[in-house]
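> The structure under discussion is supplied below as structure tokens; questions concerning it will follow.
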Amino acid sequence: MLTRTQAEPSENKKKQCFDLVMAFTTVALFYFAFPSGGLGDLAWLTLVPVVIALNNSSGRNAFFLGLLAATLGWMCSIWWAINGISEITSTQANLVIPFVFIFCFLSALPYAIACWFHVRLKSGYSVVGALSSAVIFTVLVNYIPHILPGNLAHALYKRPLFIQLADVGGVPLVFYIIHCINFLLANAITLVKTNRRQSQGCLLLAITLFFANIAYGDYRLSQSQVFDGKAGKTLHIAMLQPNIDIKNRTRNDWKTQQTLLTPVLDTLEQNQNVDLVVFPEVPVPISYQYYPEDKLYFEKHLPSKTLLMTTIKPANNHFESDINENGSYFNTMELIAHKRVTQEYSKQVLLPFGEYIPFQKSMPWLKDLFPYAPNYKPGNQSTLLTIKNNDNVIHVIPLICYEAVFTEIVGNGVKKGGEILINSSNDDWFAHIAGKNTHYALALFRTIEFRKYLVRTTNTGVSGIITPYGRLLDSSKIDDNILGYSINEIEIQPITSFYSQYPNLIKYLFMSLALVIVLFGRKSNVRN
């Protein structure tokens, strides 16, 4: 017969194994739920296994368990970034892996801290505890600055019915509802034997929140065709998907690609309904303003169309040598009308390693590791581009590459009067469909938050137009990895959202609640 001291190591070992199984189950569910896995509905259950493990852990173990699960979850979800950064910087993938791991580790810290709070505040024993933990997670994960602000809410990008609350509180409010339901379900399972009343309360509230969220989504989607009687502005927009392989990076490569693009440009020129042609970010250096041969090419094939083209701009306003020589550039959109550049916008938020080397001044040795990394400079101001269409003037919020994932950038444009979002990107660096879908998913939420159309034109996909309710217009979709185009009419209605008017209200509410919970929540969460 085992004594108590002999039995304790055995029980501890079983507990450790159980915790690891629960953590790895959550990692697997996170992978399959995230756009990388494509089974978004799993988001409603993803955290349940690890939270069950947390409910019987110490604070220390909870921290490390959360750190492990979140780090692995991030690694499984953005593995595609390794090859992408390697391609952009012409660096071996094995040198990129440590930096991606460090990013995932740092991104996991807020989750680990939130797990520690879950145990410290005894949040696993009640309905209130589940709601409290969801608040802590929401604040730590969403309101700490992040270079890639992805989370479990983005798993639902294909289900507009579930994410309409973003028009009230942005992604954080959708995140909160998802985590409320996960914590409530986990607590319901944990308490089923010890406190049946609390268990039933957790389950009932989880079901209520789930269907209340659906009811709100259904209500909002039912309004998607109902306007206030005001006539909207119309814009016939042509999206061009060039499908230029990333192996093509020089001016000579661009000249060979022109023969493939010419028939498409000629077709768009002949279409009388097209008001604007959008040419996306591509791997070859182009510029209407700084390459005279490009100006001649587009003047020849699109002489009467307004063209919005993503280009490069030299920091010194002229190219002294070939683009492949060391030099500084801006990633820029040029708006071309009447055979001249009427406006331009330079990208403000650059992709680390993809467009610049972070911390290069304090850690100059990074340049030795990534000698071929691009050397772009950030733009210093938000700009609205003005499209003139008949008697209408339409104000465009330009977004280059992953700028579309940042709510603040879009919010600034909306405050200035922006009416439509145009996002230009080249996701072919992240050739795996997981990378393309993740970028698309993160950008899609801006349409619901601000109730604006998003025109997303990419080099190889995912290209399409997303309505102010998060739905992809079927007629706008261009198949991935083909040279193609689509032409669509957009009616820009004067609609807005609560979130666009009060973007910080929910943020301050969550932060205030989190402070109250941390200071006074422990006693109210203790098991009855």
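> Based on Cβ point charges of +1 for Lys and Arg and -1 for Asp and Glu, what charge dipole magnitude is obtained for segment 306-430 about its Cα centre, in debye rounded to the nearest 20?
Values: 10 positive and 13 negative charges, 79 e Å.
The calculated dipole for segment 306-430 is roughly 380 debye.
> Starting from the Cα of N271, step 7 Å along the direction of its Cβ; do the same at T208; then give the gap between the two resulting points in nm.
The two pseudo-label positions are separated by 5.1 nm.
> May I ask you to evaluate 6.51 cos²θ - 1.76 cosθ + 1.60, the Karplus curve with θ = phi - 60°, for each residue of segment 87-102 and list the ³J(HN,Hα) values in order in whole Hz, giving x for glycine and proline?
Karplus values, whole Hz, x for Gly and Pro: 5, 5, 8, 6, 10, 4, 4, 5, 7, 7, 3, x, 6, 5, 5, 4.
> Moving on to the next point. Using modelled amide H (1.01 Å from N, peptide plane; none on Pro or chain starts), what sits under 5 Å from the amide H of I422, excluding residues fewer than 5 places away?
I397, L399, V455
> Under 12 Å between alpha carbons, and skipping anything fewer than 8 positions from K13 in its own chain: which aspartates and glutamates qualify?
Partners within reach: none.
> Under a point spin-label approximation (7 Å from Cα along Cα-to-Cβ), what is the L20-T496 distance to one decimal in nm?
Roughly 5.6 nm, to one decimal.
> Under the rule of at least 5 residues apart or a separate chain, name every residue whose amide H is placed under 5 Å from the amide H of T342.
The answer is L335, I336, A337.
> Another question about this same structure. Run lengths n ≥ 4 of DSSP H only: what is the helix-derived mean residue ellipticity at 222 nm for the chain, with -39500 (n - 2.57) per run over all residues, to the nearest 500? Spell out each step's value before the answer.
Working: 15 runs with 249 residues, N = 528.
Taking each H run of at least 4 residues, the total per residue is -15500 deg cm²/dmol.
> Ok, one more. Would you mind classifying segment 320-465 by shape? Square roots of the alpha carbon gyration tensor eigenvalues, ordered a ≥ b ≥ c; an a/c under 1.5 is rounded, otherwise it is prolate if a/b is larger than b/c and oblate if not. Spell out each step's value before the answer.
Details: a/c = 1.90, a/b = 1.46, b/c = 1.30.
Here segment 320-465 falls in the prolate category.
> Using Cα positions and a limit of under 20 Å, work out the lysines in reach of K361, with same-chain residues fewer than 8 apart set aside.
Counting by Cα, and skipping residues close in sequence, K361 has these lysines nearby: K377.
> Next question, about the same structure. Compute the helix-to-body angle for 4-33: its Cα long axis versus the longest principal axis of the chain, expressed 0 to 90° and rounded to tens.
So the helix axis and the longest Cα principal axis differ by about 20 degrees.
> Rounding to the nearest 10 and keeping the result within 0 to 90°, find how far the Cα-based axis of helix 196-222 lies from the longest principal axis of the chain.
20 degrees
> Further, regarding this structure: Tell me, what ³J(HN,Hα) does each residue in segment 384-391 have, in order and in whole Hz, if you take phi through Karplus 6.51 cos²θ - 1.76 cosθ + 1.60 with θ = phi - 60° and put x for Gly and Pro?
9, 8, 9, 9, 9, 10, 6, 9
> May I pose another question? Kindly identify segment 172-271 as rounded, prolate or oblate by the Cα gyration tensor criterion: order the square roots of the eigenvalues as a ≥ b ≥ c, call it rounded if a/c is under 1.5, otherwise compare a/b with b/c, prolate if a/b is larger, else oblate. The partial results should precede the final answer.
On the way: a/c = 6.61, a/b = 2.12, b/c = 3.12.
Verdict is oblate for segment 172-271.
> Would you tally the net charge around I163, using a Cβ to Cβ cut-off of less than 14 Å, leaving I163 out, and scoring K and R as +1, D and E as -1?
Details: positive: K158, R159, R220, R446, R451, R471; negative: D41, D167, D218, E449.
Net charge in that neighbourhood comes out at +2.
> If you build the Cα gyration tensor of the chain and take the root of 5 times each eigenvalue, what three semi-axes come out, in whole angstrom, biggest first?
On the way: eigenvalues 416, 151, 66 Å².
Ellipsoid semi-axes (Å, largest first): 46, 27, 18.
> Please get the size of the charge dipole for segment 232-290, origin at its Cα centre, with Cβ charges of +1 on Lys and Arg and -1 on Asp and Glu, quoted in debye to the nearest 20. Display every interim value, and only then the final one.
On the way: 5 positive and 6 negative charges, 39 e Å.
Result for segment 232-290 is approximately 180 debye, rounded to the nearest 20.
> How far apart, in nanometres, would the label points at R251 and H432 be if each is projected 7 angstrom from Cα along the Cα-to-Cβ direction?
3.7 nm
> Work out from phi, with θ = phi - 60° and the Karplus expression 6.51 cos²θ - 1.76 cosθ + 1.60, the ³J(HN,Hα) of each residue of segment 407-415, listed in order in whole Hz, and give x for Gly and Pro.
Result, ordered by residue: 4, 4, 5, 5, x, 4, x, 5, 4 Hz.
> Ranked highest first by the average count of other Cβ atoms within 10 Å around their residues, in what order do 65-78, 272-285 fall?
So the order, starting with the most tightly packed, is 65-78, 272-285.
> If you don't mind, there's one more thing I want to ask. Using modelled amide H (1.01 Å from N, peptide plane; none on Pro or chain starts), what sits under 5 Å from the amide H of G484, excluding residues fewer than 5 places away?
Q241
> Once you've got the Cα coordinates, tell me which of K300/K436; K313/K388; K295/K415; K477/K507; K158/K193; K300/K477 are over 30 Å apart. It would help to have the intermediate numbers written out before the result.
Numbers: K300/K436 33 Å; K313/K388 24 Å; K295/K415 34 Å; K477/K507 34 Å; K158/K193 37 Å; K300/K477 28 Å.
K300/K436; K295/K415; K477/K507; K158/K193, as the Cα separations exceed 30 Å there.
Throughout, read-outs are computed from the coordinates displayed, never taken from laboratory work. Every value quoted in this text rests on a predicted model; they were computed, and no experiment measured them. Cβ: placed from backbone, ideal geometry, glycine included. Neighbour counts: every protein chain shown.
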